[in-house]
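Notes follow the structure.
The values are calculated or read from the model by the stated rules, or taken from the named source; none is laboratory data. Values in this document were obtained by computation on a predicted structure and should not be read as measured data. For neighbour counting, all protein chains shown are included, and Cβ atoms are generated from backbone atoms with ideal geometry for every residue, glycine included.
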Amino acid sequence: MENIQLFVPKIRVEETLEAIRPALERGWPGMGYLTLEIEEKWKSYSGYSYAHFLNSNTSGLHLALEVLKRKNKWANDAEVITTSLTFVSTNHAILYADMIPVFADVDDSLCLSPESIKSVITPKTKALIYVGIGGNSGRYKDVLKICKENGIALILDAAHMAGTKTHEGPHIGTDADVAVYSFQAVKNLPTADSGMICFNNEEDDSHARRLSWLGINKDTYARSTEAGTYKWQYEVDELGYKYHGNSIMAAMALVGLKYLDEDNKRRREMAQLYIDGLQGVENIKIIIHSDDATSSRHLFQIRIPNRDSVMNELNNAGIYPGVHYRDNTDYSLYHFGAGKAPIAHKICDELLSLPMHLGLTDEDIFRVISTLTSAVKSCNAA
Ligand SMILES: Cc1ncc(COP(=O)(O)O)c(C=O)c1O
């Protein structure tokens, strides 16, 4: 029997190679016409008014905080409310921007709990990063309201949310101050590494563009279309980074975007098969995704006792689930936050992400369900 992996990216190889070819033939594989095209296509797909294509979500989260910090003149001891139940990029970004991560706790959705957020707000709180884990929007609307009422900037870490749409039509997060997507290899819109930052106003968007290109006020593509020596007269008046995307990744993303809705529909079908097969099974708690939006279903997560023994049994049967995530305050870098989010800390030991990718057949899902059900039973027999 074949092994069943957690993630396997689906790349439409021939179509992707054809999409990359013109960038190579034209001699423009860097930032340029295809990065502009994916920005335009992403805006019309998602409903965001602004979008800038980057080399990753990690750089986007840093950029989001830098743009907001510089604009609002936040001090270095400004606090950013965040979660410990995330990939470390979320929290590293706060440290990159010289601000202080303040951990709030999660609820059953694994997203930040509005009640816990309220309890950690101080006069120094300037921003909050909300992670839509697995594509789940949790209680996003309540969090947005809290941020607006308290003058806190809301940054949506939408790494898992490509294709998570509101019922009104546009993508989730168009009402946040900024949302940041990941198009890394195993995400719903896979490239090799890239991302998109979506601010809600032109000033922040153009600042992010400058900062993603070292602080230079004219990018190379804009300069290539200018005449004469004037094009070398660019200005640099603040420290920026090398965070912009390139046309090879943009070509991959343009192909992926065409199939995003179709792929996410299949992900939701797989999630439903898991729900039908696992609902009511003793010792298995399914993480429910909020009805407020149609989830991208990047992950299908459950909570189980004796998680590590169950995982070993699954591995012995050729099934390789994952864990999203280890409590970040368990890492020495973030020890200072230990004990601040006890629910997240407890849940992290119980979490299991079941295989979720477009190469899985219904039979594969049934095999995961039955192997998991027996493993949970045998590992938790009295
Ligand atoms: C929740 C979360 N945030 C941020 C990131 C970082 O994304 P990227 O790899 O595009 O930098 C990831 C990637 O796995 C993630 O899962």
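So the values come out like this:
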| quantity | calculated |
| --- | --- |
| Restricting region 302-320 to residues that are polar (S, T, N, Q) and not in a loop (DSSP other than H, G, I, E, B), the residue that is nearest to D105 (Cα to Cα) | S309 |
| Selection within region 106-121 - part of a loop (DSSP other than H, G, I, E, B) and closer than 10 Å to I81 by Cα | I121 |
| Test: residue in region 342-361 that is within 16 Å of the ligand (Cβ to nearest atom), under 24 Å from A162 (Cβ atoms) and not aliphatic (A, V, I, L, M) | yes |
| Among (1) closer than 20 Å to I117 by Cα; (2) more than 16 Å from the ligand (Cβ to nearest atom); (3) of a type in the set (S, T, N, Q) - the single one N312 does not satisfy | (1) |
| Selection within region 180-206 - more than 16 Å from G132 (Cβ to Cβ), buried (at least 19 other Cβ atoms within 10 Å of the Cβ) and more than 10 Å from the ligand (Cβ to nearest atom) | P190, F199, D204, D205 |
| First in region 321-350 and assigned to a strand (DSSP E or B), second anywhere and among the aromatic types (F, W, Y), Cβ under 9 Å, 6 or more apart | G322/F7 |
| Residue list for region 146-173, filter: surrounded by fewer than 18 Cβ atoms within 10 Å (Cβ to Cβ) and in contact (Cβ under 8 Å) with a residue 24 or more places away in the chain | N150, H167, G169, P170 |
| Residue under evaluation I100, criteria (1) under 22 Å from D330 (Cβ atoms); (2) out of contact with any Phe, Trp or Tyr (no Cβ under 6 Å at 6 or more places or on another chain); (3) within 16 Å of the ligand (Cβ to nearest atom), criterion not met | (3) |
| Hits in region 315-329 - residues which are more than 11 Å from N3 (Cβ to Cβ) and not acidic (D, E) | N316, P321, G322, V323, H324, Y325, R326, N328, T329 |
| Verdict on I248 being of a type in the set (V, I, T), more than 20 Å from V131 (Cβ to Cβ), surrounded by 15 or more Cβ atoms within 10 Å (Cβ to Cβ) and modelled with pLDDT of 95 or more | yes |
| Top-ranked residue of region 310-320 - restricted to ones that are more than 24 Å from L85 (Cβ to Cβ) and in contact (Cβ under 8 Å) with a residue 60 or more places away in the chain, ranked as nearest to the chain's Cα centre (by Cα) | G318 |
| Qualifying residue in region 45-64 (condition: in a helix (DSSP H, G or I), of a type in the set (S, T, Y), within 20 Å of K187 (Cα to Cα) and away from the ligand (no atom under 16 Å from the Cβ)) | yes |
| Those residues of region 1-19 which are surrounded by fewer than 20 Cβ atoms within 10 Å (Cβ to Cβ) and in a helix (DSSP H, G or I), in sequence order | V13, E14, E15, T16, L17, E18 |
| Those residues of region 152-176 which are among the aliphatic types (A, V, I, L, M) and either part of a strand (DSSP E or B) or within 13 Å of the ligand (Cβ to nearest atom) (or both), in sequence order | A153, L154, I155, L156, A158, A159, M161, A162 |
| Flag if L128 is more than 11 Å from the ligand (Cβ to nearest atom), in a strand (DSSP E or B), crowded, with 24+ Cβ neighbours inside 10 Å and more than 14 Å from the chain's Cα centre (by Cα) | yes |
